[in-house]
Amino acid sequence: MKIEQEISTALEHTTATDPFIILADVILPILYQHCHVLKILYSKNYANGEWLHFLEQRYIKWVTPFFNNYCVENAPVSRSFAIELSVKMTLSIISTWLTQPIPETPETFLISYN
């Protein structure tokens with residue numbers, strides 16, 4: 001998929017190490033460029049099946065290293081649960097953003113969630 005390749009290439013070239021900065025500065029602008037295609041994927045039957053499963057698996061792998069210092073002893077949930085919850089919540093927010101009749105630009109969208 002072209003979008004996945006664009007994101008992978010951008011991730012390889014970013015110097016950012018904070019996952020929120022990477023999401024905001026690298027991933028969201030690419031998703032916004034393809035919002036018409038993604039809107040279809042997020043709003044049709046694909047959204048509750050293969051598409052979301054694909055995204056969850058892809059981003060769980062990407063997010064996992066950011067949880068290397070997750071301290072299970074002090075946390076209310078397991079590391080794997082925290083990873084999965086973080087990915088699913090982020091995908092839900094992105095899905096809601098991209099399925100709006102006219103999605104805000106990434107810059108405007110980020111102001112809403114800062």
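Coupling constants for the range 60-72 follow from the phi torsions by the Karplus curve (6.51 cos²θ - 1.76 cosθ + 1.60, θ = phi - 60°), and in residue order they are 4, 4, 6, 7, 3, x, 6, 9, 4, 9, 5, 9, 4 Hz; glycine and proline get x. Our compactness index for the range 16-75, the C-alpha radius of gyration over the empirical 2.2 N^0.38 Å, is 1.39. Each residue of the range 4-16 was assigned a 3J(HN,Hα) from its phi angle through the Karplus expression (A = 6.51, B = -1.76, C = 1.60, θ = phi - 60°), giving 4, 5, 4, 5, 4, 5, 5, 5, 5, 9, 7, 9, 5 Hz with x at Gly and Pro. Only Cα pairs under 8 Å and 6+ residues apart enter the sum, and on that basis the relative contact order of the chain stands at 29 percent.
Accessible surface calculations at 1.4 Å, restricted to protein heavy atoms, place the chain at 67 Å² per residue. Placing +1 on the Cβ of every Lys and Arg and -1 on the Cβ of every Asp and Glu, with nothing else charged, gives the chain a dipole about its Cα centre of roughly 300 debye. Of the listed residues Val63, Val77, the order by accessible area with a 1.4 Å probe, largest first, is Val77, Val63. Expressed per residue, the C-alpha convex hull volume of the chain stands at 114 Å³. Distance between the 7 Å Cα→Cβ label points at Asn69 and Phe54: 3.5 nm. Overall, the accessible surface of the chain at a probe of 1.4 angstrom is composed of carbon and sulfur to the extent of 57 percent. When nucleic acids and ligands are ignored and a 1.4 Å probe is applied, Phe67 ends up with an accessible area of around 40 Å². Which one of Val63, Ile40, Pro29 has its Cα pushed farthest toward the positive end of the charge dipole of the range 15-73, where Lys and Arg give +1 and Asp and Glu give -1 at the Cβ? Ranked along the dipole, the leading option is Ile40.
The values are calculated or read from the model by the stated rules, or taken from the named source; none is laboratory data. Computed from a predicted structure; not experimentally measured. Backbone-built Cβ (ideal geometry, glycine too); neighbour counts: all protein chains shown. Keep in mind that these areas ignore ligands, DNA and RNA; they rest on the heavy atoms of the full protein, side chains included. Shrake-Rupley method; radii C 1.70, N 1.55, O 1.52, S 1.80 Å.
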